[in-house]
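Structure, as structure tokens:
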Amino acid sequence: MSVTQSKPEAMFINGEWTEGSSSNRIPVCDPSSEEVIAEIPDASVADVDAAVAAARHAFDQGGWPQTTAQERGRILFRIAEKIRAEAPQLAELESRNTGKPIVEAEFDIADAATCFEYYGGLATKVSGLVNPVPDNALSLSLKEPVGVAGQIIPWNYPLLMAAWKLAPALAAGCACVLKPAEQTPLTALKLAGWLGECGVPPGVINIVTGLGETAGARIVEHPHVDKIAFTGSAAVGKLIMKSAADTLKRVTLELGGKSPNIFFADADFEAAIDGALFGVFINQGEVCSAGSRVLVERSIYPKFVEAMTEKARSIKLGPPLDRDTKMGPLVSREQYDRVCKYQEIGKSEAKVAIGGGQPASFGRGYYVEPTIFYDVDNSARIAREEIFGPVAAVIPFDDEADALKIANDTPFGLAAAVWSRDIYRALRMVKAIRAGIVWVNHMQPTYVEAPWGGYKQSGFGRELGVHGIDEYLETKQVHINLNEQPIGWY
Ligand code: NAI
Ligand code: MG
């Protein structure tokens, strides 16, 4: 096996590798070969409890929140530097474990490093307020870390999602229990092996490997966890909210979407076709913000569907580690079955422009064809339900009002994009779309400096930017009496 990690059989609790208390192991696969490339502990309730206890100790007695912001910032910079130094092996591991093209994995790893750098810098910029209360008092708002954060992440951007969660939490002074997705734990475990040398004290970051229903659920219900940050399916987001209610934890949720990618007739045509494909096929479509509903103005609709289909033919499916591969296999058998099921549903609901099946050429691996359905009605299941694979639903619209109506007619509200050269119309759409992220004449660019999160059933709370660190901070109001006299009430 060429892919190894520090301790393939272990998870990271209180600064040490442990195999956990259960003898069960979870196989981790290469989705292009379907071969098992590692086995990880199936964390039990006792293992999660040990991780929470370690985080609690680091936070309550270990002095982590009392470290200076400068020191925490320097630790984050060291993590970023380490990720950059190890980027080639991290990218290869990520690509092998997720199936994503190596070139995309390289961008993810660089973005993860940038995220640690950003929050390393932001650590020293957190400050409170002086509140303008009336006479005889000084009123302050202090910012303090929320405590122990439970962080549950998905399999589509494993190291990057770990960075989005860990970096702001550490900058704020929180201690963390992170659970990677059971399908893709390898890069987060790699990172764990470097935390000590980067200066992260034991217990400040704990990484438990395990299933959602057991280990994940235990993190959420644990009475000593103060906050849950989750990225994943809306179904699990709902379970998390219910469970977290029992201990009134703070919760932030980044859930799925059915994001509209909207093309007006006056958009640059070539850029539009590129943007439609990129929006829905990048990372095999396993993207929360995928532009999976492609809305096209009727006057360019036939030409658009034809050009999109023609260009989709050139998308090169292939082994993830080939540098010219543009689309690898889906992450798992489960996701493959799910996408195949939606390909069949789509055939009964709309017309197929391209794809709709599985490529014959590979013989193994969870490959599906890039698929474009057109003449899709917005009430169809393929237009309403998150597929999380390379499946586009192309929907025609009549005019701006119609486009807006269709765009907002969804339970989700993560992202949207508008393509037009008419700045007035583009900006009207920007204001009227009910989504947390709106791109104009692009789709998917993501910056660590800018907030990320959804409206409606795409969740709440924001990651990235200055907003991202706020979710890991409490506000303490302090009133200082400036009048030495007794209150004089009694
Ligand atoms: P999922 O939501 O079940 O898994 C995401 C994470 O949550 C994993 O770490 C998992 O172990 C954990 N988890 C699962 N059940 C849990 C529970 N009861 N309590 C606590 N944690 C739990 O997503 P899954 O099953 O891998 O994919 C199903 C669908 O979810 C996808 O087809 C896609 O539509 C959507 N999804 C959306 C993502 C996004 O970024 N918005 C990411 C991953 C999946
Ligand atoms: Mg699930």
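The values are calculated or read from the model by the stated rules, or taken from the named source; none is laboratory data. This structure is a prediction, so every number in the text was calculated from the model and none was measured. Don't worry about glycine lacking a Cβ; one is built from the backbone with ideal geometry, like all the others, and counts go over all protein chains shown. Surface accessibility is based on the protein's heavy atoms, side chains included, excluding ligands, DNA and RNA. Shrake-Rupley method; radii C 1.70, N 1.55, O 1.52, S 1.80 Å.
Some notes on this structure:
- Computed Kirkwood radius, in angstrom, where 1/r is averaged over Cα pairs of the range 337-381: 11.1
- Take the Cβ atoms of R384 and E34, set R0 to 22 Å, and the FRET efficiency comes out at 0.10.
- Mean separation of Cα contacts under 8 Å (6+ apart) over length of the chain, as relative contact order %: 18
- In sequence order, calculated HN-Hα J values of the range 397-412 (Karplus, 6.51, -1.76, 1.60; Hz; x Gly/Pro): 9, 8, 7, 4, 5, 5, 4, 5, 4, 5, 4, 8, 7, 7, x, 9
- Pairwise label distance in nanometres, Y424 with E449, each label 7 Å out on the Cα-Cβ vector: 3.2
- In the range 162-298, lysine pairs with alpha-carbon atoms under 22 angstrom apart (chain gap of 8 or more, or interchain): 16
- Rolling a 1.4 Å probe over the protein heavy atoms of the chain, with every protein chain left in place, gives an accessible area that is 54 percent carbon and sulfur.
- Across the protein chains, with a 1.4 Å probe defining accessible surface, the residues F59, F373 rank F59, F373 from largest area downward.
- Of every Cα-Cα pair in the chain, the percent that sits beyond 34 Å: 37
- Cross-link pairs K100/K347; K125/K405; K100/K456 - those with Cα-Cα distance over 32 Å: K125/K405
- Cα-based helix-to-principal-axis angle, 423-432 vs the chain, degrees rounded to 10: 60
- Excluding exposed DSSP-loop trypsin sites (Lys or Arg not before Pro) (at most 13 other C-beta within 10 Å), longest clean stretch of the chain: 1-312
- Phi-derived couplings, Karplus 6.51 cos²θ - 1.76 cosθ + 1.60 at θ = phi - 60°, listed residue by residue for the range 48-62: 4, 4, 5, 5, 5, 4, 5, 5, 4, 5, 4, 7, 7, 10, x Hz, with x used for Gly and Pro.
- Karplus-derived HN-Hα couplings along the range 374-384 (A = 6.51, B = -1.76, C = 1.60, θ = phi - 60°), whole Hz, x at Gly and Pro: 10, 6, 8, 8, 5, 8, 5, 4, 5, 9, 10
- Using alpha-carbon coordinates, inclination of helix 301-312 to the longest axis of the chain, degrees: 70
- Computed lengthening from H442 to T68, 0.36 nm per intervening residue step minus Cα-Cα distance: 130.6 nm
- Summarising the amide proton neighbourhood of A392: residues at separation of 5 or more, or on other chains, whose placed amide H is nearer than 5 Å comprise T371, I372, F373.
- Convex hull volume of the range 260-440 per residue (C-alpha atoms, cubic angstrom): 108
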